[in-house]
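Rule-based calculations on the coordinates, nothing more; no lab input. The structure displayed is predicted, hence computed values, not measured ones. Virtual Cβ from ideal backbone geometry, glycine too; neighbours counted across all protein chains shown.
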Amino acid sequence: MDCRLFALVCLAAAAYGADKGLPSYVKVCDRKNSDIVSCLKESFGIVFSHGDKGIPEMHIRPFNPILLDKLSILEGNSGSVNLDAQLTDVKLYGIKDSTLESIDIDFESGAYNCEIFTPAVYLEANFGAKGKILLLEFNGNGIFRGNMTGVRTKVKYTFESYEKKGKEHWKLANSNFDCIIDNFAINLEELFADNKDLSEAVQAALDENIQIELQPVIVNTIETVVNDIVTHVFDKFPLDVLHPK
Ligand SMILES: *[C@@H]1O[C@H](CO)[C@@H](O)[C@H](O)[C@H]1NC(C)=O
């Protein structure tokens, strides 16, 4: 399963260094550091702890929460259920509590692989649904809450090297995400408050499919955001600044 959302975590591991352009609290990991993995894990933790405010110097915007305008969950027509649902004003919390479990960077080839563990990603949004269930037409709104727990993400990036103003930079050439989620619990509130049966029927219809429908949509939306940030960081800082030789 794709899980580009959590690549934000990997991006942080890529984003450290010491130069006048970088904040002093960001830990630098030299390429020749004999214990570079420990260094990167620590650096990763520092960058991610800044999720609430982001790191403007590195073009990392706040990511706790991550904000999304709109996600569609189209259930379409299936048997007795005809449901068209969407989430708006989506907020995702929890990426900042991620830890880097392993990392492997090849500075020659540009291969960049890491594994991240996120204890919980919490999603809050306005929910709107219309359609037909149990022969009842409905059109309602409510609050949607989702909690993905035990999220393990494998990220594979390939970077291409190029020269800008006489310095080596990295450019994102390819990305691949593989994500396993232990549990995804959802909760709908205030939906058809005056009709409990309908509320339960809609929730039951969603429960079956929402994880399958929602996850790829979330991760695809975030992929764009994340890859944009990665591109900016490596465009702004030469590789020698991010990873001194
Ligand atoms: C999400 O689930 C985890 C694990 O059960 C829990 O610790 C956390 O408080 C939950 N978050 C929210 C906002 O419900």
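Highest mean packing comes first when the peptides 198-205, 32-39 are listed by Cβ atoms within 10 Å, giving 198-205, 32-39.
What does the net charge come to around LYS171 if you take all other residues with beta carbon closer than 15 Å to its beta carbon, with K and R at +1 and D and E at -1? List each step's numbers first, then the result.
Working: positive: LYS164, LYS165, LYS167, LYS236; negative: GLU160, GLU163, GLU168, ASP228, ASP235.
With Lys, Arg at +1 and Asp, Glu at -1, the neighbours total -1.
Phi-derived couplings, Karplus 6.51 cos²θ - 1.76 cosθ + 1.60 at θ = phi - 60°, listed residue by residue for segment 40-53: 5, 4, 5, 4, 4, x, 5, 4, 6, 5, 9, x, 5, 10 Hz, with x used for Gly and Pro.
In segment 109-128, whose amide N lies under 14 Å from the spot 7 Å out along Cα-to-Cβ of THR99? List them in ranges. Residues 115-120 fall inside that zone. Segment 189-205 to segment 169-185: how many Å between their Cα centroids? Here the answer is 34 Å between Cα centres.
Could you tell me the calculated FRET efficiency between GLU108 and SER72, based on Cβ-Cβ distance and R0 = 41 angstrom, to the nearest 0.05? The partial results should precede the final answer.
On the way: r = 43 Å, r/R0 = 1.04.
The pair GLU108/SER72 has a calculated efficiency of 0.45.
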